[in-house]
């Protein structure tokens with residue numbers, strides 16, 4: 001009778017340690033998760049000067065460069081809403097109208113003020129040799 005009782009205690013303690021370790025890992029990783037909101041979701045959130053990420057498609061014909069201030073104005077859209085974005089800096093090489101992009105910054109209710117722009121690329125890889133042919 002002692003052996004099965006020890007086995008049950010051992011299995012219970014191992015399960016308890018594993019569950020506690022998993023819970024601690026998830027709590028610590030929560031700060032590191034980086035998700036982005038779509039424009040239609042972002043306008044419904046009650047954010048106050050909080051850093052968030054906004055993801056969508058760069059609206060065709062909305063990109064305006066201001067070379068004096070190194071400022072770029074453009075719109076990020078989804079199926080329902082288009083939000084104006086202001087970014088000071090140099091855009092990534094893959095940034096184009098009609099392409100997907102994720103911007104990080106602060107939404108003030110009217111305009112999204114980005115401090116980082118991440119351009120998403122197409123999933124289909126083509127070597128340079130195939131593109132030139």
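Which FRET efficiency, nearest 0.05, do residue 62 and residue 22 yield, Cβ-Cβ r, R0 30 Å? In this case the efficiency is close to 0.10. For the chain, the longest principal axis of the alpha carbon atoms and the long axis of helix 2-29 meet at an angle near 20°.
Our estimate of slack between residue 70 and residue 15, defined as 0.36 nm per intervening residue step minus the Cα-Cα distance, is 14.2 nm.
Short-range pairs are left out: with C-alpha atoms under 8 Å and at least six residues apart, the relative contact order of the chain is 20 percent. On full extension, the segment bounded by residue 43 and residue 113 gains 23.8 nm, given 0.36 nm per residue less the C-alpha separation. In this calculation the C-beta distance from residue 88 to residue 30 is compared with R0 = 35 Å, giving a FRET efficiency of 0.70. A straight line joining the Cα centroids of segment 1-61 and segment 98-121 runs 24 Å. Here the gap between residue 51 and residue 6, fully extended at 0.36 nm per residue and compared with their Cα-Cα distance, gives a gain of 11.1 nm.
Read-outs throughout are calculated quantities, based only on the coordinates presented, and are distinct from any laboratory measurement. Here the structure is a predicted model, which means the values were calculated and not measured. Methodologically, a virtual Cβ is constructed for each residue, glycine included, from the backbone with ideal geometry; neighbour enumeration extends over all protein chains shown.
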